[in-house]
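K.L.:
Okay, here's the structure, questions in a sec.
The values are calculated or read from the model by the stated rules, or taken from the named source; none is laboratory data. Every value quoted in this text rests on a predicted model; they were computed, and no experiment measured them. Here the Cβ is made from the backbone with ideal geometry for all residues, glycine too, and neighbour counts use every protein chain on show.
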Amino acid sequence: MTVITQTLSEYKTQLLRNRLGLWIFILSETFLFGGILISRIYLWGGTRPHLEQGLAFVLTSALLTSSFFMNRAETAVALGNIKEFKRGLQWTMALGTLFLIGVVALEWPASGLKASTDAYGAVFYLMTGMHAFHVLTGIIFLAIIYRNGKNGLYTPERHWAVEAAAVYWHFVDVVWIFFYPAIYLIGTIA
């Protein structure tokens, strides 16, 4: 068990600063992903490559379901229920890993696209690759949060890291809500 040396008042002051920093980071990430989405619109126009719809739908469902479990984990830690917190994180990490492996090991080879061939391949790999990288970093973040929770670092009053991980995870899911239709649904097949 870690000794907490900060008073609750100091913690709340630092929490406000941390939240501001997190939202500035999220804003910068929004510009990054927005630029990538604009690249898709500009380079693909009203067309899209032929991609496997079923696999993409299953992987998207897994990723979006993971947000439900992340929310449960965050709520559980705020209520002091560490067992439910750990269970929620395990489901979140498992579903995130399923999404990541599905995109990299199944969707990429099945796409038939190459990043160096044309705009379809370049944009496809940029969008899915950048998103997959963020899912991977989210899974690493969640694994650290899980270990810390297992070691008793979080209390109902002090669990900023869990809140930050949840905001990041939900952000990555929201990005995919925009990327998924842009890649797989919008436009006629070229």
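K.L.:
Tell me which residues, restricted to the stretch 144-169, are surrounded by fewer than 13 Cβ atoms within 10 Å (Cβ to Cβ), more than 18 Å from Leu16 (Cα to Cα) and not charged (D, E, K, R).
P.N.:
Ile144, Asn151, Gly152
K.L.:
Please enumerate the residues belonging to the stretch 48-101 that are without any contact (Cβ under 8 Å) to a residue 40 or more places away in the chain, surrounded by 16 or more Cβ atoms within 10 Å (Cβ to Cβ) and aromatic (Phe, Trp, Tyr).
P.N.:
Correct list: Phe69, Trp91.
K.L.:
Going by the structure shown, is Thr137 surrounded by 16 or more Cβ atoms within 10 Å (Cβ to Cβ), among the polar types (S, T, N, Q) and modelled with pLDDT of 95 or more?
P.N.:
The answer is no for Thr137.
K.L.:
Related question: When you look at Arg48, is it within 30 Å of Ala119 (Cβ to Cβ) and either at pLDDT below 95 or among the basic types (Lys, Arg) (or both), yes or no?
P.N.:
So Arg48 fits the description; yes.
K.L.:
Does at least one position in the stretch 78-95 carry a residue that is touching a Ser or Thr at 6+ places or on another chain (Cβ under 9 Å), closer than 19 Å to Gly54 by Cβ and assigned to a helix (DSSP H, G or I)? Break it down into steps so the answer makes sense when it comes.
P.N.:
Step one: list which residues in the stretch 78-95 are touching a Ser or Thr at 6+ places or on another chain (Cβ under 9 Å), which gives 80-81, 84-85, 88, 91-95.
Then keep just the ones that are closer than 19 Å to Gly54 by Cβ; that gives 95.
Checking which are assigned to a helix (DSSP H, G or I) leaves us with 95.
Yes, the stretch 78-95 has at least one match.
K.L.:
Just to be sure before I move on: is Ala110 part of a helix (DSSP H, G or I), loosely packed, with under 14 Cβ neighbours inside 10 Å and without any contact (Cβ under 8 Å) to a residue 24 or more places away in the chain in the structure I sent?
P.N.:
no
K.L.:
If you don't mind, another one. Against the condition assigned to a helix (DSSP H, G or I), among the aromatic types (Phe, Trp, Tyr) and either touching a residue at least 24 places away in the same chain (Cβ under 8 Å) or over 30 Å from Thr188 (Cβ atoms) (or both), how does Phe133 come out, does it pass?
P.N.:
No.
K.L.:
Please work out if Leu37 is more than 20 Å from Ala190 (Cβ to Cβ) and in contact (Cβ under 8 Å) with a residue 40 or more places away in the chain.
P.N.:
Criteria not met by Leu37.
K.L.:
Sort out which residues of the stretch 2-46 are assigned to a loop (DSSP other than H, G, I, E, B) and either among the β-branched types (Val, Ile, Thr) or touching a Phe, Trp or Tyr at 6+ places or on another chain (Cβ under 6 Å) (or both), and write them in order of number.
P.N.:
From the stretch 2-46, those assigned to a loop (DSSP other than H, G, I, E, B) are 2-7, 45-46; that's our starting set.
Residues satisfying the conditions are Thr2, Val3, Ile4, Thr5, Thr7.
K.L.:
For the condition touching a residue at least 40 places away in the same chain (Cβ under 8 Å), among the hydroxyl-bearing types (Ser, Thr, Tyr) and in a loop (DSSP other than H, G, I, E, B), what is the one hit in Tyr154, Tyr120, Tyr180?
P.N.:
Tyr154
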